[in-house]
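One structure is given here, and the rest of the page talks about it.
The values are calculated or read from the model by the stated rules, or taken from the named source; none is laboratory data. This one's a predicted model, so the numbers in the text were calculated from it and none came from an experiment. Cβ coordinates were reconstructed from backbone atoms using ideal geometry, including for glycine residues, and neighbour counts include every protein chain displayed.
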């Protein structure tokens, strides 16, 4: 086993490279490179590394299933149809349009996870707003922020949840009991915050042009059936403890087959829909975080969480805040893995349920503080501005702060109350 | 006719009729009119920034870029058709409207330079009822007032 200092340098260096991405080094390459370096410096033997990755096979399957399912739904026009529905029900009111997109984003996030909303629904919302001649920003921010705020409605609503639950399991009942109320409160606060922050933009009515956009086609209808079915099976699978990765892949297969029956078979497209670079990123991060864990680099964090739990359930809001800050500093997937590692190495006597819930809230909702998920993106925006492009990182922080601080605080307080009730009930 | 007054009208919502109603009584009847609409490309930066914060997201896929551009052009054609109709209705000497893509203030000034416009007409703000004070003139109008190659007529909504 090498010196903890060596491991620390590899871990911190890779993470910094991953966030700053100089010379357009993609983040997955930085993570994977760091993971390989962990093998080279002797933290892992090749055999151990492969075993470590194999242990997380369900997480990889989940990413594959999710990526293919949401890309298929996107191509089938399901998101276009949803945005079309939101625009049709808005009838000239921007507030209603934002509310409609908010609802669509919540449902898409719950079933297809945050990345589907942030990556696939957002451009669709952007196009829908542009078609109506509206400033797209409120709608882009709505999709982006709901992607995070709706991330703890279900375990499948954010892969970060799975990464945490893989290390510190929490049954669906325990998950829902602790997280459904904070989730709804966070969503409500986010909606109110968005309506308030963008009140000037949203106040202007718009001319409701008859849309030439897409309505529900037979292809998107098939996809809708698939996605609704997938959502139901997820809940069932989480309730009886089936591995969710396999469920996700099965759901993706069903969606692809349904789509192929309506629109024709495109096997190459399916291969391209697999989020290969994301798999590389996750594999690299697993080796990096696992290596740092072996070198006990997270001991201070474990100590801090242990101390928080010693305070009782009143410490939960502090844990939420700490995790939210970490998610903004090093992004949500690395934070989820680091937090999962720390939680799983807590002394066996510590009751983990509430701590897991607080971690999930912080890691999922926290990225909204900067609107777009990390300090690294802020730095990149500052760089863009220096090159003369009209973006303001401060704008993002302002919107993120105004919307998210109340959402985080309310969710944390609700969890604190629930944590108290649950521990009194025992 | 080199002495002809060239007036460039910047249109964004169904605003052409309203702009003309205010501007027309003020200017020479021999003017030549043209509409310009700018598709604001700045919002695309929001999408880029958002994707950068998400693990392994990469750039916006081509089909999403195409859909966004098509949506912008669809709106542009509606707006320019409304401007055209407003010109025709008043029997004005006119040229075909143009669509530009980019930062609105900068593009409006470039359009005015390209066409050697003698006067620019645009709304002071996107908001229908801006409160009096510094915010009653929007970013775009302020940029145009500062950088336009010709006089600017700002119309309060």
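So the values come out like this:
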{"quantity": "Set A:188, A:171: member being surrounded by fewer than 21 Cβ atoms within 10 Å (Cβ to Cβ) and under 30 Å from residue A:346 (Cβ atoms)", "calculated": "A:171"}
{"quantity": "Segments classed as helices (runs of 4 or more DSSP H), wholly inside segment A:76-166, with at least 3 members that are within 10 Å of chain B (Cβ to nearest Cβ) and buried (at least 22 other Cβ atoms within 10 Å of the Cβ)", "calculated": "A:122-131, A:137-149"}
{"quantity": "Residues (in contact with a helix residue (DSSP H, G or I) (Cβ under 6 Å, 6 or more places away or on another chain) and touching a residue at least 12 places away in the same chain (Cβ under 8 Å)) located in segment B:65-103", "calculated": "B:68, B:72, B:75, B:82, B:83, B:86, B:94, B:97, B:99, B:100"}
{"quantity": "Subset of segment B:59-69 (residues that are more than 7 Å from chain A (Cβ to nearest Cβ) and either surrounded by 15 or more Cβ atoms within 10 Å (Cβ to Cβ) or in contact with a strand residue (DSSP E or B) (Cβ under 7 Å, 6 or more places away or on another chain) (or both))", "calculated": "B:65, B:69"}
{"quantity": "Total residues in segment B:82-136, condition within 14 Å of chain A (Cβ to nearest Cβ), part of a loop (DSSP other than H, G, I, E, B) and more than 15 Å from the chain's Cα centre (by Cα)", "calculated": "5"}
{"quantity": "Criterion (closer than 30 Å to residue A:401 by Cβ and under 22 Å from the mean Cα position of the chain (by Cα)) met by exactly one of A:244, A:194", "calculated": "A:194"}
{"quantity": "Residues of segment B:27-41 that turn out to be modelled with pLDDT of 85 or more and out of contact with any helix residue (DSSP H, G or I) (no Cβ under 6 Å at 6 or more places or on another chain), as a count", "calculated": "4"}
{"quantity": "Residue among A:377, A:359 that alone is assigned to a helix (DSSP H, G or I), crowded, with 21+ Cβ neighbours inside 10 Å and within 14 Å of chain B (Cβ to nearest Cβ)", "calculated": "A:377"}
{"quantity": "Test: residue B:149 is more than 14 Å from chain A (Cβ to nearest Cβ), in a loop (DSSP other than H, G, I, E, B) and touching a residue at least 40 places away in the same chain (Cβ under 8 Å)", "calculated": "yes"}
{"quantity": "Condition check for residue B:38: touching a residue at least 12 places away in the same chain (Cβ under 8 Å), buried (at least 19 other Cβ atoms within 10 Å of the Cβ), within 13 Å of chain A (Cβ to nearest Cβ) and not in a helix (DSSP H, G or I)", "calculated": "yes"}
